[in-house]
Structure formats: C-alpha cells, structure tokens
Amino acid sequence: MDRPTIIATAQRLLMEIGPTSMTMDIVARSCGISKRTLYEHFPDKRTLIMESLNDDRDRFIKEVVRIFAESDTCYEALFSMFSLMLKRLNKRSQAFIDDIKRLYPEVLEHNDEHDKATIAHLSGVLTKAQGEGYVLPAIDTHIAAFLLINQMRALHNNPKVSYLDLDIVKVHDAAFLNFMRGVSTIKGIDYIEEALIKRNKQKTQ
C-alpha cells in the first residue's frame, strides 16, 4: 500500500473519530496492512497525523485556486469556495475539533504574515466584486476582509457553539450570508437569493 492511500485513510478516520481515538492499529487495520508496514511509512502517530492534515490543507488550497480560475464572477467564486468550506466542516466530528484544539494547537495557529496575505487576497476579491457591481462601492474591502476572517475564526473557536448545542455548519453559514448581505449591492443581494434558491432545490432533489 502506498503513502497517499494511507494518508487518505488516516484523513477519513481523523475526521470521523478524532486524533485521540485514531490509533496506529486502527489505521493499519483500515488499510489492510500490518502495523509494521505502517511504521515503515510513518515513524509515529504524530507524523502520520501532521502529514495527513498538511495534505488535506494542500488539497483544499488547490481546489480554491481551481474555483477562482474557473468562476465567471467573484461572487460565484466566493460562494463556491464557502460551500467547499462548509462541506469540509461538516465532515469534522466534534471529537476531531476538540482534539485538534487540545493536542495539536499549532495546526490552528496563524502567523502575522499568513494573516496579512489572507486578508490581502480576500480584499482583492471583494474589490474586484465592487468592479463587477456586486459589492457596495463605499465598502472598505480591506477592513471587510479582516472582519469576515476574524469572525469565522472566532466562531470556530467559540466553546459556546457546542455548549448551546448549535450546528457549527449552520452558524458559519448564517454568519457568512449576513456578512455578504451587508456588503452587497442590489445586484449582489439578488445573486445571494438566487444562490440560496438553487441550493434549497438541490437539497430537496
């Protein structure tokens, strides 16, 4: 069995049962290989977990790049990207989220340069959306990008979400939609409503 297949199996197990419950025995058994063979590829569990998480992040980045390259408008790209984010979030069990925060905090850390680049990219997308007529011209896109990114992080790390038994995916979805409505022109609002109608139709099919 090759490394990519093992990593894919580990990614699935991590999302379903979390890092604590995912043992090397379980990974080996799920892959149909011996634990000795597994250790030949990965010296320890932490290495396997970190490589699996890094691979998952890299795949996500590549998919985001593809979305922006193939989308006709910035709003189409933004909504497709956020839909992808929600799908990823929906696959993550509470055990995964809790374990990552407790045992692998470095996965959630964002340095200043990373934040600066992320905000600059989103600001650029929103500025382009202004030119397309979807975002209000008076909006400071740099501040708007900062607010959206930090709001999403705050929600993701907010313990009250699970304490109040709220659906984390629905919470993020509501926050994103409220933000987008707040910065949108009438043309942007129309796009949002059409996108929601289309999404609801897909759910009922």
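Before moving on, here are some points about what is shown:
- Test for Leu155: is it in a loop (DSSP other than H, G, I, E, B), more than 24 Å from Asp55 (Cα to Cα) and either of a type in the set (Phe, Trp, Tyr) or modelled with pLDDT under 90 (or both): no
- Whether a residue is surrounded by 14 or more Cβ atoms within 10 Å (Cβ to Cβ), without any contact (Cβ under 8 Å) to a residue 60 or more places away in the chain and within 15 Å of the chain's Cα centre (by Cα) was assessed, and Arg88 passes this test.
- Residue satisfying condition, being open to solvent by 50 Å² or more (accessible area, probe 1.4 Å), under 27 Å from Lys87 (Cβ atoms) and touching a helix residue (DSSP H, G or I) at 6+ places or on another chain (Cβ under 6 Å), within set Lys45, Lys35: Lys45
- Of the candidates Ile67, Ile97, Ile143, Ile49, the single residue that is in contact with a Pro (Cβ under 8 Å, 6 or more places away or on another chain) and either modelled with pLDDT under 95 or not small (Gly, Ala, Ser) (or both) is Ile49.
- Subset of segment 127-145 (residues that are among the small types (Gly, Ala, Ser) and either in a strand (DSSP E or B) or closer than 10 Å to Thr185 by Cβ (or both)): Ala129, Gly133
- Candidate set from segment 128-138 (those that are touching a residue at least 12 places away in the same chain (Cβ under 8 Å) and in contact with a Cys (Cβ under 9 Å, 6 or more places away or on another chain)); member that is most open to solvent (accessible area, probe 1.4 Å): Lys128
- The one condition in (1) open to solvent by 60 Å² or more (accessible area, probe 1.4 Å); (2) farther than 19 Å from Thr73 by Cα; (3) small (Gly, Ala, Ser) that Ala174 fails to fulfil: (1)
- Residues of segment 180-194 satisfying the condition of being assigned to a helix (DSSP H, G or I) and open to solvent by less than 30 Å² (accessible area, probe 1.4 Å): Met180, Val183, Gly188, Ile192
- Test: residue in segment 142-163 that is touching a helix residue (DSSP H, G or I) at 6+ places or on another chain (Cβ under 7 Å) and over 27 Å from Ile100 (Cα atoms): yes
- Which listed residue is of a type in the set (Val, Ile, Thr) and either crowded, with 18+ Cβ neighbours inside 10 Å or under 27 Å from Ile189 (Cα atoms) (or both), from Ile17, Ile61, Ile7: Ile7
- A Cβ distance below 7 Å, combined with a sequence gap of six or more or placement on separate chains, defines the contacts here; from segment 1-27, residues that are at negative phi reach residues that are basic (Lys, Arg) and assigned to a loop (DSSP other than H, G, I, E, B) in the pairs Met15/Arg92.
- Filter pass, Glu76 being charged (D, E, K, R), within 20 Å of Phe176 (Cα to Cα) and open to solvent by 30 Å² or more (accessible area, probe 1.4 Å): yes
The values are calculated or read from the model by the stated rules, or taken from the named source; none is laboratory data. The structure displayed is predicted, hence computed values, not measured ones. So basically every Cβ, Gly included, is an ideal-geometry build from the backbone, and we count neighbours across all protein chains shown. All accessible areas refer to the heavy atoms of the entire protein, side chains included, with ligands and DNA or RNA removed. Shrake-Rupley method; radii C 1.70, N 1.55, O 1.52, S 1.80 Å.
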